Amino acid sequence: MHSSEIRTRFLKFFEKRGHNIIHSASLLPDNDPSVLFNTAGMQPLVPYLLGQEHTMGKKIANIQKCVRTGDLDSIGDNRHFSFFEMMGNWSLGDYFKNEAITWSYEFLTSKEEGLGLNPNLLYITCFEGDKNAPRDIESFEIWKSLGIPESRIYFLEADDNWWSPGENGPCGPCSEMFYDMTENKVGDLSKDEFINAVKTEDLIEIWNDVFMEYEKKDGEVIGKLKQKNVDTGAGVERMTAIMQNKRTAYDTDLFEEIMNQINSLSSNVNIDNLRERRIVADHVRSSVFMINDGVISSNSDRGYVLRRLLRRAVRFADQLGFKNNSLMLIAETVISKYKTFYNDIELNSKKILEEINNEEIKFRKTLHDGVKHFNVLLNENKKITGYDAFVLYTTYGFPVELIVEFLKEKGIYFNSDDIEKFNIEMKVHQKLSQTASAGMFKGGLANHNDKTIKLHTAHHLLLAGLQEIVSKDIKQRGSNITEERLRMDFICDHKLTDEEKINVEAWVNDKINRGLSVVRHEMPLSEAEKIGAQMEFGAKYPDIVSVYIVEDEKGLAISKEFCGGPHVKNTKELGQFKIQKEEAVAAGIRRIKANLI
Ligand code: SER
């Protein structure tokens, strides 16, 4: 089924069930100053979810354009796109769980009106319940009544099954649908196996029904909204991949012409540069839609996001051997692909192509000189300082994230002092607005503020503590740090006992209280392996790596890990370490969430 048929069927299906169809809102939010772009279908509808009357009534369906650029590093894999379309049906204080779930099921499985997917390949999750809301037995019963066996319905916690757009606003428990992408159906799965099958992409999340009846304020759920709403979201990209039996939307009709064109422009097409080709496709597609909605390249806010995408696209296009003025050709293809559904992009095509071409010409002029200068600095000093980054940015137009990427490819990392220095230089020269500099490191370097830096060091101590107290065989499998907490997944054959948890916590706190130094070393990968530095299982590392060592009073290593940093200089900066939760995520893999208080 063609992507356009999926869109049409979706809207028709809900129109027939009493929904009014509305156009996608602009990518630029007009009622939410906290975000630069709409990042989810619900964002433009927030006032109505909170109770304001919508002129189109209480039942609405749409396809909303969205942009997410917080995770540019992941783009090029099968699932991440900086631009995507969300199909959604909305109840603004009208129907609730029963209709929402029944219609989701019918649309997915009906051959006549929907997608005709095989119901035996559907897997469902419901909310497990916590202090904010009870276990969602109601959704569970509805799914069962539709014929989904209990063995394919899983209860998951808020991390997975509670949806909110941020720290404030409407939110609620959700029920998600997953589809089996394997040739041979994976069959009944235990909860751990299910979670694992999602990780390996054998099961793909295809739709999320959110029951928005709660409200969040400053990160806390403060109670119920005036009305019970439904917010559903199904990505066009994923649905298209499923309907065309592909693992990724890049291999579907959505990207077919775009990828073909990129391949014909490249001097050398091979599997090793697939990621680069996909990045160019993704970034040009997003840029077309951003410019269409009024963004122009600049050094602040949205303009900076656009500039960053385009310059990144130019850099990869250059590596792929594209000649000058080629992004414009790709943009033309994007426009001709999408113009039937979004006819304004054809009206704005001249402006879009000009903007993209100008940015390419401008950046190409300095790209080669800039790379030369970068290499000279690197050869002379073995590093790029914050000041160098500032010069590269102001003289050659290298967005700092691009410099970070160049460095990363060479196994060298900016440390927090360099970032600080860069930011100071930038402020002095008043080049960037506050917003852009605050958001600047979100992509490549995540949120490097004090809290996350401390949690990062605590993360290293936790791994060492687990190996010391629980088992030498523990290996890290994944990690994630927000301002609120750290999260570590690790290989371990048993649930930690209360005693083990208390002892690990005490071990970490002992190292904190002793005020030990945290030192960064750069060394060849082979050397780091020789000294037994911890690496994440399955991760790939460059030839020269940076290793962080926590040293005891005698200078002996208590923890040594491959890591780009940044970290605190002394463990006494951390405060007190507290394990909040220990749980299973998959067979043989445990997860700890912990915090500093
Ligand atoms: N807001 C939910 C999501 O983006 C459902 O639309 O997944």
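The table below gives the values:
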| quantity | calculated |
| --- | --- |
| Whichever residue in segment 131-150 is out of contact with any helix residue (DSSP H, G or I) (no Cβ under 6 Å at 6 or more places or on another chain), touching a residue at least 24 places away in the same chain (Cβ under 8 Å) and part of a loop (DSSP other than H, G, I, E, B) and, among such residues, is surrounded by the most Cβ atoms within 10 Å (Cβ to Cβ) | D136 |
| Residue match in segment 79-92 (condition: modelled with pLDDT under 95 and either buried (at least 17 other Cβ atoms within 10 Å of the Cβ) or under 26 Å from M1 (Cβ atoms) (or both)) | yes |
| All positions within segment 171-221 that are within 13 Å of the ligand (Cβ to nearest atom), in contact (Cβ under 8 Å) with a residue 60 or more places away in the chain and under 21 Å from the mean Cα position of the chain (by Cα) | S175, M177, I206, W207, D209, V210 |
| Test: L189 is crowded, with 20+ Cβ neighbours inside 10 Å, out of contact with any strand residue (DSSP E or B) (no Cβ under 7 Å at 6 or more places or on another chain) and part of a loop (DSSP other than H, G, I, E, B) | no |
| Residue match in segment 100-121 (condition: modelled with pLDDT of 95 or more, buried (at least 17 other Cβ atoms within 10 Å of the Cβ) and part of a strand (DSSP E or B)) | no |
| Exclusive hit being more than 21 Å from P165 (Cα to Cα) and within 14 Å of the ligand (Cβ to nearest atom), set F37, F84, F14 | F14 |
| Hey, G235 touching a residue at least 40 places away in the same chain (Cβ under 8 Å), away from the ligand (no atom under 13 Å from the Cβ), more than 23 Å from F155 (Cβ to Cβ) and of a type in the set (G, A, S) or not | no |
| For P29: the one exception among (1) assigned to a loop (DSSP other than H, G, I, E, B); (2) closer than 19 Å to W163 by Cβ; (3) in contact (Cβ under 8 Å) with a residue 60 or more places away in the chain; (4) not hydroxyl-bearing (S, T, Y) | (3) |
| Of residues in segment 247-274 being of a type in the set (D, E, K, R) and at pLDDT below 95, the one farthest from the ligand (Cβ to nearest atom) | D272 |
| Tally of residues being within 15 Å of the ligand (Cβ to nearest atom) and of a type outside the set (D, E) across segment 152-167 | 8 |
| Long-range neighbours under 7 Å by Cβ, at least six apart or interchain, first residue more than 12 Å from L225 (Cβ to Cβ) within segment 41-59, second charged (D, E, K, R) and near the ligand (Cβ under 10 Å from one of its atoms) | M42/D231 |
| Residue in segment 127-136 that is over 26 Å from K16 (Cα atoms), within 14 Å of the ligand (Cβ to nearest atom) and within 25 Å of the chain's Cα centre (by Cα) present | yes |
| Residue selected from segment 17-34 under the condition polar (S, T, N, Q) and away from the ligand (no atom under 15 Å from the Cβ), by the criterion modelled with the lowest pLDDT | N31 |
| Criterion violated by K382 - all others in (1) under 19 Å from Y304 (Cα atoms); (2) at pLDDT below 85; (3) of a type in the set (D, E, K, R) satisfied | (1) |
| Qualifying residue in segment 232-243 (condition: of a type in the set (D, E, K, R), surrounded by fewer than 19 Cβ atoms within 10 Å (Cβ to Cβ) and at pLDDT 95 or above) | no |
| Members of segment 480-518 that are farther than 30 Å from E167 by Cα, modelled with pLDDT under 90 and out of contact with any Lys or Arg (no Cβ under 7 Å at 6 or more places or on another chain) | D493 |
| When residues of segment 40-70 are limited to those that are out of contact with any strand residue (DSSP E or B) (no Cβ under 7 Å at 6 or more places or on another chain) and farther than 20 Å from L11 by Cβ, the one nearest to the ligand (Cβ to nearest atom) | R68 |
| Residue in segment 71-80 that is within 12 Å of the ligand (Cβ to nearest atom) and either part of a helix (DSSP H, G or I) or in contact with a helix residue (DSSP H, G or I) (Cβ under 6 Å, 6 or more places away or on another chain) (or both) present | no |
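The values are calculated or read from the model by the stated rules, or taken from the named source; none is laboratory data. Owing to the predicted nature of the structure, the values given are computational and were not obtained by experimental measurement. Note that each Cβ is placed from the backbone with ideal geometry, even for glycine, and that neighbours are counted across all protein chains shown.
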